[in-house]
Amino acid sequence: MWLHASCQLDFDVPVATPFVLMLRPHSGGHQWVAREEYVLVPSVPAIEFTDAHGNLCQRLVAPAGPFSVKTSVDVQVAGACDVAPGAPFVEVQNLPNETLRFLLPSRYCESDRFDEMAASIGANVLPGYDQVAAIVEHIRSTIAYTPGAGQSIISAQEVNGRSEAVCRDMAHLGIALCRALSIPARLVVGYLETLQPMDLHAWFEAYVGGRWYAFDPTQPDLSGGRIAIAYGRDAADVAIFTQFGDPVPITGMQVSVERLNSPPG
């Protein structure tokens, strides 16, 4: 299917401030970016680079006053994520080198604190995909997905035991539990066509059966088109904007995703 997605961020910048933005999805195995628009108002010079996780990032200095970032993309994606019950666990010695960083504890995914909990959840299912599915079901049954429930980023250890959380927090817990079972797991930020209320969204991927599979504790299933913007170890790696110096108020954010009836012309 084809999706049209857009995001606008509005800021009130008190003084000229350096920013790093991460709002450009790129083409890969699961998506093809056919058209893109990226507008800065007022227009300022920007330098693009690719970070350690392959994400497209833009460096700029926002001038004092109102400042807006407007992006839109037309992307071809699948109508649902692949599922693979029974996909096997990959032993650490057989993992690709690039997946090893996603086995380690990180700032918001303290996997070294979850050994016992992860072992309990995954004890009676096949190692690999089915263990990750059991983790997702545990999170879904114990924590209510509540958009707007937390603006501050919290870690897996902090969210564990809470009764409600946002998508990012639930993904952090899933990642930490996977890594505790020696299953590589990474955070994804992007767009989900069926998300309600509409916003940017976070889910996670786990490496089993020789490839990455998507998992989302906030949704009843994996239907709906998804556009991945950025991948990382946790939220510290995938911030859609990072500003340096004194805090810059964000005065507005608008996100939309719609299905196109035909390929973009």
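Can you tell me how many residues in region 220-238 are surrounded by 20 or more Cβ atoms within 10 Å (Cβ to Cβ), over 15 Å from Gly79 (Cα atoms) and of a type outside the set (Phe, Trp, Tyr)?
8
Mind listing whichever residues of region 21-39 are part of a strand (DSSP E or B) and surrounded by 17 or more Cβ atoms within 10 Å (Cβ to Cβ)? Show your work before the answer.
Applying the first criterion (part of a strand (DSSP E or B)) to region 21-39 yields 21-24, 28, 31-39.
The answer is Leu21, Met22, Leu23, Arg24, Gln31.
Hey, can you tell me all the residues within region 99-140 that are over 20 Å from the mean Cα position of the chain (by Cα) and part of a loop (DSSP other than H, G, I, E, B)?
The answer is Phe114, Gly122, Ala123, Asn124, Val125, Leu126, Pro127.
Could you check region 121-157 and list, in sequence order, the residues that are without any contact (Cβ under 8 Å) to a residue 24 or more places away in the chain and among the acidic types (Asp, Glu)?
Within region 121-157, just Glu137 meets the criteria.
With the structure loaded, tell me whether Asp74 is modelled with pLDDT of 95 or more, surrounded by 15 or more Cβ atoms within 10 Å (Cβ to Cβ) and not assigned by TED's automatic domain parsing to the domain that holds Val44 or whether it fails that test.
Details: modelled with pLDDT of 95 or more: yes; surrounded by 15 or more Cβ atoms within 10 Å (Cβ to Cβ): yes; not assigned by TED's automatic domain parsing to the domain that holds Val44: no.
Criteria not met by Asp74.
Is it fair to say Ser182 is among the small types (Gly, Ala, Ser) and within 25 Å of Pro25 (Cα to Cα)? Can you show your working first?
On the way: among the small types (Gly, Ala, Ser): yes; within 25 Å of Pro25 (Cα to Cα): no.
Criteria not met by Ser182.
Go through (1) in contact with a strand residue (DSSP E or B) (Cβ under 6 Å, 6 or more places away or on another chain); (2) buried (at least 16 other Cβ atoms within 10 Å of the Cβ) one by one and return the number of the condition Tyr108 breaks.
(1)
Might you let me know whether region 172-192 holds any residue that is under 26 Å from Pro249 (Cβ atoms), buried (at least 16 other Cβ atoms within 10 Å of the Cβ) and among the aromatic types (Phe, Trp, Tyr)?
So far as region 172-192 goes, yes, one or more of its residues are under 26 Å from Pro249 (Cβ atoms), buried (at least 16 other Cβ atoms within 10 Å of the Cβ) and among the aromatic types (Phe, Trp, Tyr).
Between residues in region 91-120 that are among the acidic types (Asp, Glu) and residues that are modelled with pLDDT of 95 or more, which pairs lie under 8 Å by C-beta distance while being six or more apart or on different chains?
Glu110/Ser155; Glu110/Ala156; Glu110/Gln157; Glu110/Ala176; Asp112/Pro105; Asp112/Ala180; Asp115/Ala180
Pick from Ala87, Ala80, Ala144: which is in contact with a strand residue (DSSP E or B) (Cβ under 6 Å, 6 or more places away or on another chain) and surrounded by 19 or more Cβ atoms within 10 Å (Cβ to Cβ)? Please lay out each step first, then the result.
Numbers: Ala80 fails: surrounded by 19 or more Cβ atoms within 10 Å (Cβ to Cβ); Ala144 fails: surrounded by 19 or more Cβ atoms within 10 Å (Cβ to Cβ).
From the options Ala87, Ala80, Ala144, the qualifying one is Ala87.
Would you pick out the residues in region 170-184 that are part of a helix (DSSP H, G or I) and in contact with a strand residue (DSSP E or B) (Cβ under 9 Å, 6 or more places away or on another chain)?
Initial filter on region 170-184 (part of a helix (DSSP H, G or I)): 170-180.
If the condition is that a residue be part of a helix (DSSP H, G or I) and in contact with a strand residue (DSSP E or B) (Cβ under 9 Å, 6 or more places away or on another chain), then Met170, Ala171, His172, Leu173, Gly174, Ile175, Ala176, Leu177, Cys178, Arg179 are the ones that fit.
The values are calculated or read from the model by the stated rules, or taken from the named source; none is laboratory data. Quick caveat, the model's predicted, so the values are computed rather than measured. With ideal geometry, Cβ positions are generated from the backbone for all residues, glycine too; neighbour counts draw on all protein chains shown.
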